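Working notes for the structure below.
The values are calculated or read from the model by the stated rules, or taken from the named source; none is laboratory data. Worth saying up front: this structure is predicted, and the values here are computed from it rather than measured. Because the Cβ atoms are built from the backbone with ideal geometry, glycine has one as well, and the counts that use them run over all protein chains shown. Only protein heavy atoms, including side chains, enter the accessible area calculation; ligands, DNA and RNA are left aside. Shrake-Rupley method; radii C 1.70, N 1.55, O 1.52, S 1.80 Å.
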Amino acid sequence: MTVRTDGAQRASIGRSVRAAGLAITIAIAGAAGAARPEAASAAGIKVVVIVGPVGSSTANYILNAKRYAAQARSYGANVIEIYSPNATWSRVKAAAQGAKVIIYLGHGNGSPSPYGAFSRYTKDGFGLNSSAGNGNSNTKYYGEYYVRTAIKLAPNAVVILNRLCYASGNSEWGRPNPTKTVAKERADNFGAGFLRAGARAVFAEGITSASYILSGLFRTSRTMGSIFTSSSNFVSAYDFHFPSGRTPGYTVWMAPKSIGSYYRSVVGNLSLTASTFRTS
């Protein structure tokens, strides 16, 4: 079954020794400055907040997006908001150039999925309005090809994917949980295009708030890995990491809350510090 431009998937409302080693290494690297906010100003840092069309859930997604936007502004960031029904590719592409943070809430179209073979043109990117001003159900997917070829992010940029299916390895609501192998592929694939566009970390939060990421980026000197573990939703019992197959040199860290529940992941340079993120 091929993915239709107007048929979006429903959006997602013993740790191994090596995983433990990664957690300890990153925690040590980020712990020294984790508790003391940096004095560096966030003024001028560009944050783009995007909500794609998600039908009757769009208003709720926008409500949450506005909270992220207000949080980023409270740190001094320059925030651009693009919301359905006017979240078209042309607007997103223009706004995303040089962005330090991209926050996207909407439908996720990932791979592997039940909807046919991988397509770089539709998978692992944004689900946006196919045309402006025509409601919240006219979804068109712009996959990793469009992200990596048309967008150039700021150095050491961070992408936050919130309430998507597939991005963190999860399945759509109502479908069976994925196998670990499938979940790993999904998380790795979804980060690839954004990393090639210049991001150095791609966080995916399938069902819970991503506000802790903004706090970590703008108010600490933690590493990306340490920010990931700072969430109140981090569960260490089942977390694991592995080298990215799609983006060599980077790491994928996944932290399911239980076996099969793949709702949290991060992929990228997990040793990158928030201090470097802000000042580079």
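Exactly one residue out of ALA154, ALA77, ALA117 is modelled with pLDDT under 95 and at negative phi: that is ALA117.
Would you be able to tell me the number of residues in the stretch 72-84 that are open to solvent by 40 Å² or more (accessible area, probe 1.4 Å) and in a loop (DSSP other than H, G, I, E, B)? Residues in the stretch 72-84 being open to solvent by 40 Å² or more (accessible area, probe 1.4 Å) and in a loop (DSSP other than H, G, I, E, B): 0 in total. Taken over the stretch 152-169, the criterion of being part of a loop (DSSP other than H, G, I, E, B) and either under 13 Å from the mean Cα position of the chain (by Cα) or small (Gly, Ala, Ser) (or both) is satisfied by ALA154, ARG163, LEU164, CYS165, TYR166, ALA167, SER168, GLY169. Considering SER113, SER168, the condition of being in contact with a Leu (Cβ under 9 Å, 6 or more places away or on another chain), within 21 Å of GLY206 (Cα to Cα) and open to solvent by less than 40 Å² (accessible area, probe 1.4 Å) is satisfied by SER168 alone. Of all residues in the stretch 94-106, none are surrounded by fewer than 16 Cβ atoms within 10 Å (Cβ to Cβ), among the hydrophobic types (A, V, I, L, M, F, W, C), part of a loop (DSSP other than H, G, I, E, B) and on the phi < 0 side of the Ramachandran plot.
Among residues of the stretch 84-112 that are modelled with pLDDT under 95, none has a beta-carbon under 8 Å from a residue that is among the hydrophobic types (A, V, I, L, M, F, W, C) at least six positions away or on a different chain.
If you go through the stretch 230-267 and keep only what is under 13 Å from ARG186 (Cβ atoms) and of a type in the set (Val, Ile, Thr), you end up with VAL252, VAL267. Among the residues of the stretch 185-242, those identified as of a type in the set (Phe, Trp, Tyr) and crowded, with 24+ Cβ neighbours inside 10 Å are PHE190, PHE194, PHE203, PHE218, PHE228. Of all the listed residues (TYR250, TYR262, TYR238), the sole one being of a type in the set (Phe, Trp, Tyr), closer than 20 Å to ILE102 by Cβ and in contact with a strand residue (DSSP E or B) (Cβ under 9 Å, 6 or more places away or on another chain) is TYR250. Selection of the stretch 145-184 for residues being of a type in the set (S, T, N, Q) and either in contact with a strand residue (DSSP E or B) (Cβ under 8 Å, 6 or more places away or on another chain) or closer than 23 Å to TYR61 by Cβ (or both) yields ASN156, ASN162, SER168, ASN170, SER171.
Each residue in the stretch 233-280 was checked for being assigned to a strand (DSSP E or B) and touching a Phe, Trp or Tyr at 6+ places or on another chain (Cβ under 8 Å), and 12 pass. Residues of the stretch 188-210 that are within 10 Å of the chain's Cα centre (by Cα) and assigned to a helix (DSSP H, G or I): PHE190, GLY191, PHE194. The residues of the stretch 129-151 that are open to solvent by less than 20 Å² (accessible area, probe 1.4 Å), touching a Gly at 6+ places or on another chain (Cβ under 6 Å), of a type outside the set (A, V, I, L, M) and not in a loop (DSSP other than H, G, I, E, B), listed by number, are THR139, TYR141, GLU144.
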